[in-house]
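The values are calculated or read from the model by the stated rules, or taken from the named source; none is laboratory data. What you see is a predicted model, and the numbers here were worked out from it, not measured in a lab. Cβ sites come from the backbone with ideal geometry, for glycine too, and all protein chains shown count toward neighbours.
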Amino acid sequence: MRRTMLFIPGNSPAMLLNADIHQSDAVILDLEDAVAPGEKDAARMLVRNAIQSLDYGKTEIIVRVNPLDTDYIRGDLEAIVPLKPDLIMPTKVSDAEYIHQVDQMMNEIEEKHGIPVGTVGLIPLLETAEGIENAYSIAKSSKRVKALFLGAEDLSTDLQAIRSKKSDEILYARGRIVLAARAAGVEVYDTPFTDVNDDEGLLQDATFARSIGFTGKASISPRHVSAINEVFSPSLEDITYAQEVMEAIEEGKRQGKGAVSLRGKMIDKPIVDRARKVLEAARELGLGGTHE
């Protein structure tokens, strides 16, 4: 279960070495914005060596590569794809054709190294107005696409909007990317909360993101990880209610009832589906949840 994704600068040996100690479900090893142009080659080598030599345990490895219109992306993919990270994060993704081009490059690299084509997945970073408007076609553009990720900082600039903690300026984009991802059957991740010292603001922002359908949230600070994990994990109340729903359904079947109610409310298929997802998440996180 991927609730948190922590950005790790690709040019920081110390942070790469300790990337897995922060309890984030995934780390994003960053070859793009965190790395100055003069350090791109060195950062790529550092990230390659880190993936080759370090054991990140159960922490998923995502590598953010440079945009398609730069001279760096081919080198990024040539160095990283053969190491079979969980996901590649292409940046500034504007449309399905962008993903087709990245997909083709990855096909060639996997074939060259004897890796089954499609082994490495994609999580496109949508951070332009065009990208948000094309979110559904991007999500459906390749079987490699496993999730979409919203990048609010560059998006706000592209929108000529004023970036704020309240994030009203990205409200439409948040809803649009969630709707597109869910319609396409992939996961979707929210932009980081960038004020490292505002714990209350982080909680409010993460809680809102979960409430509108995001799967999880990225972070630029290790100290935000535990709070995001908590927000995107089922609570004891969630688990208890989900178990009650499944027990009510089972009891209804035993009694031959066509309709079942719980706490004065009819239990229909969407409620049962949500209960199953809560229990699946609880089991994966070791929080309980015994009903199949």
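Miscellaneous remarks
- Check on Ala19, within 18 Å of the chain's Cα centre (by Cα), small (Gly, Ala, Ser) and surrounded by 19 or more Cβ atoms within 10 Å (Cβ to Cβ): yes
- For Ile132, the stated conditions hold: it is buried (at least 19 other Cβ atoms within 10 Å of the Cβ) and either at pLDDT 95 or above or part of a helix (DSSP H, G or I) (or both).
- Residues that are in a helix (DSSP H, G or I) and of a type in the set (Lys, Arg) within region 234-263 comprise Lys253, Arg254, listed in sequence order.
- Per-region count, region 56-85, residues among the small types (Gly, Ala, Ser) and surrounded by fewer than 18 Cβ atoms within 10 Å (Cβ to Cβ): 2
- Selection over region 67-89 of residues that are touching a Ser or Thr at 6+ places or on another chain (Cβ under 7 Å) and closer than 14 Å to Pro124 by Cα gives a count of 1.
- Per the listing Leu68, Leu77, Leu17, the residue uniquely farther than 25 Å from Arg210 by Cβ, at pLDDT below 95, in contact with a helix residue (DSSP H, G or I) (Cβ under 9 Å, 6 or more places away or on another chain) and hydrophobic (A, V, I, L, M, F, W, C) is Leu17.
- Number of residues in region 107-129 that are under 20 Å from the mean Cα position of the chain (by Cα) and part of a helix (DSSP H, G or I) equals 1.
- Among the residues listed as Arg64, Arg48, the single one being of a type in the set (Lys, Arg) and free of Cβ contacts under 8 Å to residues at least 60 places away in the same chain: Arg48
- Taking the listed residues Ala42, Ala14, the one that is free of Cβ contacts under 8 Å to residues at least 12 places away in the same chain, among the small types (Gly, Ala, Ser) and either over 16 Å from Ser219 (Cα atoms) or touching a Gly at 6+ places or on another chain (Cβ under 8 Å) (or both) is Ala14, with no other qualifying.
- Number of residues in region 54-94 that are closer than 13 Å to Leu31 by Cβ and of a type in the set (Phe, Trp, Tyr): the value is 1.
- Region 180-233, residues that are part of a helix (DSSP H, G or I), of a type outside the set (Gly, Ala, Ser), touching a Lys or Arg at 6+ places or on another chain (Cβ under 6 Å) and crowded, with 24+ Cβ neighbours inside 10 Å: Ile228
- Single residue of region 22-41 satisfying the filter (more than 18 Å from Asp86 (Cα to Cα) and among the hydrophobic types (A, V, I, L, M, F, W, C)) that is surrounded by the most Cβ atoms within 10 Å (Cβ to Cβ): Val35
- For Asp95, the requirement of being under 22 Å from Thr194 (Cα atoms) and not hydrophobic (A, V, I, L, M, F, W, C) is not met.
- Some residue of region 239-248 being free of Cβ contacts under 8 Å to residues at least 40 places away in the same chain, surrounded by 16 or more Cβ atoms within 10 Å (Cβ to Cβ) and within 21 Å of Phe7 (Cβ to Cβ): no
- Here Glu187 meets the list (1) more than 13 Å from the chain's Cα centre (by Cα); (2) at pLDDT 95 or above; (3) of a type in the set (D, E, K, R) almost entirely, failing just condition (1).
- Verdict on Ala209 being over 20 Å from Thr91 (Cα atoms), in contact with a Phe, Trp or Tyr (Cβ under 9 Å, 6 or more places away or on another chain) and at pLDDT 95 or above: yes
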